[in-house]
Amino acid sequence: MKKIGIIGAMQEEIDSLIKILENRKEQNLNHLTFYEGVYNNVELIVVRCGVGKVNAAVCTQLLIDKYNPDYIINIGVAGSVSDDVNICDIVVSTHLVEHDFDCTAFGYKKGVIPRLDDSEFKADEYLLELSRKSQTSLANKIRFFEGVIVSGDIFVSSKEIKDELKKLHKAMCTEMEGASIAHVCYLNNKPFLVIRSMSDKADGKAPDNFEQFVIESAENSRTFIQEMIANM
């Protein structure tokens, strides 16, 4: 039986996935609650990591050490950096970069981690292909994009930072966890994918109904992942 670990930063982002789990059980480890169950003959482990790169990295390593999933998928909301990507659109990662990692004083480009073979963490091709096959059920109401997702411990809310992220990394969107999850997966040779729904334009202006949007986004992510599982 295939095993997939699914990580969200906020409880609202994972609640709809928890509801579809059969034979569900919970385990609390290091202040994290892991929800285990089965859907469509695939074992799922769903967990809320909390906001930020350290929380996400710790959660990912614990998920790998304890459950050893075949694949890891990160879901949640993000801010659009690309002019083409609008609120409610979904970006599926091709690569991820920690945009706030800065060793430019030593001649490195922003986002490059010294003495690491690769600082642009590449999403798994099999999961990417699955995502392409699984967009049909949502294609009538949501636009999908593929591209670079950048992460940092900062809520991007200025045009200057957006422009820098586009110029340096060709980023499509920005958030606070995905690249650190990808980093841990890279070090563990674990296939991963990040799926993000746009909640804002990274300009400091979240929608008035942000909480409702997060719930709707989570429902879309659940449907998307259900389609991916069906296509496995």
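Just so it is clear, none of the values below were taken in a lab; they were calculated from the coordinates. Because the structure is predicted, anything quoted here is derived from the model rather than measured. Neighbour counts run over all protein chains shown; Cβ positions are idealised from the backbone, glycine included.
Quick query: amide H of THR94 versus all other amide H atoms, modeled in the peptide plane; which residues come in under 5 Å with a sequence gap of 5 or more or a different chain?
Excluding prolines and chain starts, which carry no amide H, the hits are GLY147, VAL148, ILE149.
Mind jotting down the three principal axis lengths of the chain based on Cα atoms? Whole angstrom, largest first.
51, 40, 32
Could you state the angle between the C-alpha long axis of helix 159-169 and the longest principal axis of the C-alpha atoms of the chain, as a value from 0 to 90 degrees rounded to the nearest 10?
Between the helix axis and the principal axis of the chain, the angle is about 80 degrees.
What nm distance separates the two modelled labels at GLU219 and ALA139, each placed 7 Å from Cα along Cα→Cβ?
The modelled label-to-label distance comes out at 2.2 nm.
Calculate the dipole size of the stretch 3-222 relative to its Cα centre from +1 charges on Lys and Arg beta carbons and -1 charges on Asp and Glu beta carbons; express the result in debye to the nearest 20.
Around 240 debye, computed over the stretch 3-222.
Can you classify the stretch 134-213 as rounded, prolate or oblate using the Cα gyration tensor, where a ≥ b ≥ c are the square roots of its eigenvalues, rounded means a/c under 1.5, and otherwise it's prolate if a/b beats b/c and oblate if not?
Numbers: a/c = 1.68, a/b = 1.08, b/c = 1.56.
Oblate shape, in that a/c is at least 1.5 and b/c is the bigger or equal ratio.
Using the beta-carbon distance between CYS103 and GLU146 and R0 = 25 Å, what value does 1/(1 + (r/R0)^6) give for FRET efficiency, to the nearest 0.05?
Calculated transfer efficiency: 0.30.
Given a cut-off of under 8 Å on Cα pairs at least six residues apart, what relative contact order in percent is computed for the chain?
27
What is the packing order of peptides 22-31, 71-80, taking the mean over residues of other C-beta atoms within 10 Å and listing the highest first?
Working: 22-31: 10.3, 71-80: 26.1.
Order by mean packing, descending: 71-80, 22-31.
Quick one: what are the phi-derived ³J(HN,Hα) couplings along the stretch 130-135, Karplus 6.51/-1.76/1.60 with θ = phi - 60°, whole Hz, x for glycine and proline?
Once rounded to whole Hz, the list reads 4, 5, 5, 6, 10, 8.
Given springs between every Cα pair under 10 Å in a Gaussian network model of the chain, which of ILE90, ILE113, ILE18 has the largest fluctuation?
ILE113
Where Rh denotes the Kirkwood radius from the mean inverse Cα pair distance, what is Rg over Rh for the stretch 11-133?
0.99
Pick from ASP118, ASP100, ASP84 the residue whose mean-square fluctuation is largest in a GNM of the chain, springs joining Cα atoms under 10 Å.
Comparing ASP118, ASP100, ASP84 in a Gaussian network model of the chain, the most mobile one is ASP84.
Sort 210-220, 167-177 for me by packing, meaning the mean count of neighbouring Cβ atoms within 10 Å per residue, highest on top.
Details: 210-220: 16.5, 167-177: 23.0.
Ranked by mean Cβ neighbours within 10 Å, highest first: 167-177, 210-220.
Measure nothing but the geometry: give the 0 to 90° angle between the long axis through the Cα atoms of 210-230 and the longest principal axis through the Cα atoms of the chain, rounded to 10°.
Helix 210-230 sits at roughly 60 degrees to that axis.
So how do 3-9, 119-125 stack up, highest first, on mean other-Cβ count within 10 Å?
Order by mean packing, descending: 3-9, 119-125.
Can you list residues from other chains, or at least 5 along the same chain, whose modelled amide H is less than 5 Å from the amide H of ILE45?
Close amide H contacts, sequence-distant or interchain: ILE4, GLY5, ILE6.
In whole Hz and in residue order, list the ³J(HN,Hα) couplings for the stretch 187-195 that follow from phi through the Karplus curve 6.51 cos²θ - 1.76 cosθ + 1.60, θ = phi - 60°; x for Gly and Pro.
Each residue of the stretch 187-195 in turn: 5, 9, 6, 10, x, 9, 8, 10, 10 Hz.
Taking amide H positions as placed 1.01 Å from N in the peptide plane, with prolines and chain starts having none, which residues 5 or more places from GLU177, or on another chain, fall under 5 Å of its amide H?
The answer is GLY152.
Which cysteines in the chain lack any other cysteine whose Cβ sits under 4.7 Å from their own Cβ?
Taking the Cβ cut-off of 4.7 Å, the unpaired cysteines of the chain are CYS88, CYS103, CYS173, CYS185.
Using a Förster distance of 25 angstrom, determine the FRET efficiency expected from the C-beta separation of GLU160 and HIS31, and round it to 0.05.
0.10
Can you work out ³J(HN,Hα) from phi for every residue in the stretch 146-157, in order, using Karplus 6.51 cos²θ - 1.76 cosθ + 1.60 and θ = phi - 60°, giving whole Hz and x for Gly and Pro?
After applying 6.51 cos²θ - 1.76 cosθ + 1.60, I find 10, x, 7, 10, 10, 10, x, 7, 7, 8, 6, 9 Hz.
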